[in-house]
Amino acid sequence: VRSDSSDHRYKEGNLVPLYANKVGPFHNPSETYRYFDLPFCLPEDLKEKKEALGEVLNGDRLVSAPYKLEFQQDKDSVPVCKKKLKKEDVAKFRAAVRKDYYFQMYYDDLPIWGFIGKVDKDGKDPSDYKYYLYKHIHFDIYYNNDRVIEINVRTDPNALVDVTEDNEVEVEFLYTVKWKETNTPFEKRMDKYSQSSSLPHHLEIHWFSIINSCVTVLLLTGFLATILMRVLKNDFVKYAHDEEAAEDQEETGWKYIHGDVFRFPKYKSLFAAALGSGTQLFTLTVFIFILALVGVFYPYNRGALFTALVVIYALTSGIAGYTATSFYCQLEGSNWVRNLLLTGCLFCGPLFLTFCFLNTVAIVYNATAALPFGTIVVIVLIWTLVTSPLLVLGGIAGKNSKAEFQAPCRTTKYPREIPPLPWYRGTIPQMAMAGFLPFSAIYIELYYIFASVWGHRIYTIYSILFIVFIILLIVTAFITVALTYFQLAAEDHEWWWRSFLCGGSTGLFIYAYCLYYYYARSDMSGFMQTSFFFGYMACICYGFFLMLGTVGFRAALLFVRHIYRSIKCE
C-alpha cells in the first residue's frame, strides 16, 4: 500500500488509502475530536498514520477509516458493520447531532466532509425536535487513467436512525461507491478547493478594499508630504534667519529641543528587546509571504503553515539577538546579557504561558488540539538547540559590532522641562489616532482571514494579502512620522517610546476587532473555543504590536535624524 499511496497511481482493485481525521461542531473550528471518539464502526485493523510536526500542531489525527474503497470498483449498499448502540452511545450521537458535528476524512490526500446527522425542527419547542443519524454514505469518485481526481460525499437523506430517545438501537451502517471517468488532469485536482476564494465577486470585494486603502494611503501621503515639506521649509528658513538675527528672543518649536531629542529613553533594555523581537517577527512575516507567493501553502497541505512558522521563527532568532544587542550597546547599555534574556522571553514567554493554559484546556476536553508529549519535547528541543544558540550568537555579533549611535546633535547635560500639553497630546489619545488609519486599511481583508482561520473558508489570494501588508507598513510609518513631528513641534522631546507605541497600536485595534468578530460574525460557543480564539488572537495581536511598533520607530528615527541634520546645531 505504501508504494501506491506515495505516487498516487493505482491499478484496478488496488486499495486507495482512506483516513478518517476528525469530528467536531461545525461552528467551533478549534474544537475537534478524534473520529472514533464517537461510536462509529471500527475497521478490522486500526492504524494511525505517522504525522509531521505541522499536522500535529494543526490538530490532525489520521486513522484508517472503516470503508474500503478499491480503485474503480463500484459498490452498492455494502454493510460496514451491524452495531447495537447502547443508551450512552445513542446519547453521544444525539449530543453530536445537536451541535452540528461534521466529519472530515482524507481519500488519497483529498479532503472530504459531511455531516453526521440532522435535526428535524418540526415542533416549535426544542423538546419536540427530532435527532437523526445518517447511516448510509455515498462516495462519488472521479478518476483519470490510474489516478484519483475528485471525491464527493453525500449522505442518504432517507436512511436515518432516530436517536431522539435513550433506547438501545440496532443499526446497520452502509456505504455506496460510484466511479466515474473525468478528463481533469492530476495536477489540477486541488484547484476546486482554492476556487472558492477567487470567485469573481469575492475578488471584486478584495480589489475594492485595496483600491480604497490605496486612495487612503495616497491622500495621507500627499497630505503629510505637503504639510511636512512646507512646514519644514518654513521652519528651516525661519531658523536660518534666527541665527542671523539677535538671539535674545524666546525660543519655540522643534529646533529648540535639539539638545534633548537624542537623549536616550527610559527602560532602554526593554526598548531594545522590543525592537529586536519586532524585527524578528517582521522578517518572519516577509519569509512567510515569500513562501506563500511561491505557492507552498496550497489548501489542505496539512500543517505546512505551522511547520514553516516554527522553523522560520527558530532560524530568525539570530536577527532578534543582533538587533537588540547592537541597539542596546548604541544606547550605552552595560548589561547586555540581561538584555538578551529579555529579548528571548519578550515574545516567547507570553506565547508559552498561553500555550500551556490552552493545552491544558484541550487535554481536559480530550480534543485533538491537545499536543502529545512527543511533540512538546520536539518543540522544546528546537527552542533549546536552535533558537537559543542563534539568539546568543546574534547577541555576541551585535555587541562586537561597536556601532555608534548616529546623533546629528549633541545632547545637553540636563533635560529641558516639557511644557504643559493639552489632553489629546497624551500617549493614549495619540495611540488611538495612530492605530485607526492603518486598521481601516486592512479591515476588509481581516474579515476574510478570520473566516478562514476561525471558520471553514479557504484563503488563497496571497498576492492581494501581500499588497495589503505593504499598504499597512506604509501607513504605519507615515502616521508615526506625522505624530512625531507634531509632538516635537509642541516641544515634547520624549518621542522614543511614543513612536513605538503609536506604531504598534494597530495591534490593539485588531484585538478589538476580535471581540466584534466573535460576537457579531461567528457562531462560536463553549469555553474551549472561546479561550482558544481569544488566547491565540492575543498572541498574534501582540506580535503585530511589536512588529508595527518597530516599523513606526524606525521611520520616526530616520525622520528625526533627517530634520536635525538639516539645521545647524550649535
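The values are calculated or read from the model by the stated rules, or taken from the named source; none is laboratory data. Bear in mind that the values here come from a model prediction, so they are computed numbers and not experimental data. Cβ placement follows ideal geometry from the backbone for every residue including glycine, while neighbour counts extend to all protein chains displayed. All accessible areas refer to the heavy atoms of the entire protein, side chains included, with ligands and DNA or RNA removed. Shrake-Rupley method; radii C 1.70, N 1.55, O 1.52, S 1.80 Å.
Could you list, in sequence order, the residues of the range 274-294 that are open to solvent by 60 Å² or more (accessible area, probe 1.4 Å) and touching a residue at least 40 places away in the same chain (Cβ under 8 Å)? Before the answer, list the steps.
First, pick out the residues of the range 274-294 that are open to solvent by 60 Å² or more (accessible area, probe 1.4 Å): 282, 287, 290, 293-294.
Result: Phe282, Leu293.
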From Asp166, Asp100, Asp74, grab the single residue that is surrounded by fewer than 19 Cβ atoms within 10 Å (Cβ to Cβ) and at positive phi. Asp100
Quick check on the range 305-316. Is at least one of its residues touching a residue at least 24 places away in the same chain (Cβ under 8 Å), in a helix (DSSP H, G or I), within 30 Å of Asn21 (Cβ to Cβ) and in contact with a Phe, Trp or Tyr (Cβ under 6 Å, 6 or more places away or on another chain)? yes
Given Pro126, Pro157, which one is under 39 Å from the mean Cα position of the chain (by Cα) and farther than 23 Å from Ala65 by Cα? Pro126
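Give the range 354-368 a look and list any residue that's more than 14 Å from Glu51 (Cβ to Cβ) and either touching an Asp or Glu at 6+ places or on another chain (Cβ under 8 Å) or not β-branched (Val, Ile, Thr) (or both), or say none. Can you show your working first?
Taking the range 354-368 as the starting set, the residues that turn out to be more than 14 Å from Glu51 (Cβ to Cβ) are 354-367.
The answer is Phe355, Cys356, Phe357, Leu358, Asn359, Ala362, Tyr365, Asn366, Ala367.
Output the residues belonging to the range 491-500 that are open to solvent by 20 Å² or more (accessible area, probe 1.4 Å) and not acidic (Asp, Glu).
First, the residues of the range 491-500 that are open to solvent by 20 Å² or more (accessible area, probe 1.4 Å): 491, 494, 497-498.
If the condition is that a residue be open to solvent by 20 Å² or more (accessible area, probe 1.4 Å) and not acidic (Asp, Glu), then Trp497, Arg498 are the ones that fit.
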State which residue pairs qualify: first residue free of Cβ contacts under 8 Å to residues at least 24 places away in the same chain and inside the range 70-91, second residue open to solvent by less than 90 Å² (accessible area, probe 1.4 Å) in any location, beta carbons under 9 Å apart, and separation of 6 or more residues or different chains. Glu88/Pro39; Glu88/Asp166
If a residue counts only when it is at pLDDT 95 or above, touching a helix residue (DSSP H, G or I) at 6+ places or on another chain (Cβ under 9 Å) and open to solvent by less than 70 Å² (accessible area, probe 1.4 Å), which helices (runs of 4 or more DSSP H) contained entirely in the range 334-415 have at least 1 such residues? 336-365, 388-400
Only listed residue being touching a residue at least 60 places away in the same chain (Cβ under 8 Å) and open to solvent by 30 Å² or more (accessible area, probe 1.4 Å), chosen from Ser531, Ser463: Ser463
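Determine, yes or no, whether Ala362 is closer than 30 Å to Pro25 by Cβ and in contact with a strand residue (DSSP E or B) (Cβ under 8 Å, 6 or more places away or on another chain).
Numbers: closer than 30 Å to Pro25 by Cβ: yes; in contact with a strand residue (DSSP E or B) (Cβ under 8 Å, 6 or more places away or on another chain): no.
When the stated conditions are applied, Ala362 does not pass them.
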Just to check your reading of the model, which residue among Val23, Val56 is more than 30 Å from Val169 (Cβ to Cβ), touching a helix residue (DSSP H, G or I) at 6+ places or on another chain (Cβ under 8 Å), among the β-branched types (Val, Ile, Thr) and crowded, with 18+ Cβ neighbours inside 10 Å? Val56
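Given the condition open to solvent by less than 50 Å² (accessible area, probe 1.4 Å), in a helix (DSSP H, G or I), among the aliphatic types (A, V, I, L, M) and modelled with pLDDT of 95 or more, answer yes or no: does some residue in the range 253-273 qualify?
Start the filter on the range 253-273 by keeping residues that are open to solvent by less than 50 Å² (accessible area, probe 1.4 Å), which leaves 253-262, 265, 269, 271-273.
Cutting the leftovers down to in a helix (DSSP H, G or I) gives us 254-257, 269, 271-273.
Right, trim to among the aliphatic types (A, V, I, L, M) and you get 257, 272-273.
Now narrow it down to the ones that are modelled with pLDDT of 95 or more: 272-273.
Looking for residues that are open to solvent by less than 50 Å² (accessible area, probe 1.4 Å), in a helix (DSSP H, G or I), among the aliphatic types (A, V, I, L, M) and modelled with pLDDT of 95 or more, one finds at least one in the range 253-273, hence yes.
For the range 438-460, enumerate the residues that are farther than 30 Å from Trp113 by Cα and either at pLDDT 90 or above or crowded, with 17+ Cβ neighbours inside 10 Å (or both).
The first filter runs over the range 438-460 and keeps only residues farther than 30 Å from Trp113 by Cα, leaving 438-443.
Once the filter is applied, which keeps residues that are farther than 30 Å from Trp113 by Cα and either at pLDDT 90 or above or crowded, with 17+ Cβ neighbours inside 10 Å (or both), the range 438-460 yields Pro438, Phe439, Ala441, Ile442.
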Number of the exception - Arg34 against (1) in contact with a Ser or Thr (Cβ under 7 Å, 6 or more places away or on another chain); (2) over 24 Å from Ala159 (Cα atoms); (3) open to solvent by less than 60 Å² (accessible area, probe 1.4 Å): (3)
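Answer yes or no: is there a residue in the range 179-191 that is part of a strand (DSSP E or B) and surrounded by 13 or more Cβ atoms within 10 Å (Cβ to Cβ). Walk me through how you get there before you give the answer.
Initially, the range 179-191 is screened for residues part of a strand (DSSP E or B), giving 179-181.
After this cut, where a residue has to be surrounded by 13 or more Cβ atoms within 10 Å (Cβ to Cβ) as well, the list is 179.
Yes, the range 179-191 has at least one match.
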Within the range 422-432, is even one residue among the hydroxyl-bearing types (Ser, Thr, Tyr) and in contact (Cβ under 8 Å) with a residue 12 or more places away in the chain? yes
Reported set for the range 84-105 where residues are under 38 Å from the mean Cα position of the chain (by Cα) and in a strand (DSSP E or B) is Tyr101, Tyr102, Phe103, Gln104, Met105
Does the range 113-143 hold any residues that are over 16 Å from Asn158 (Cβ atoms), in contact with a strand residue (DSSP E or B) (Cβ under 6 Å, 6 or more places away or on another chain) and at pLDDT below 90, and which are they? Tyr129
Scanning for something farther than 17 Å from Val453 by Cβ and surrounded by fewer than 18 Cβ atoms within 10 Å (Cβ to Cβ), does the range 317-331 turn up at least one residue? yes
What strands (runs of 3 or more DSSP E), lying completely within the range 106-171, carry at least 1 residues that are over 30 Å from Asn301 (Cβ atoms) and aromatic (Phe, Trp, Tyr)? 130-134
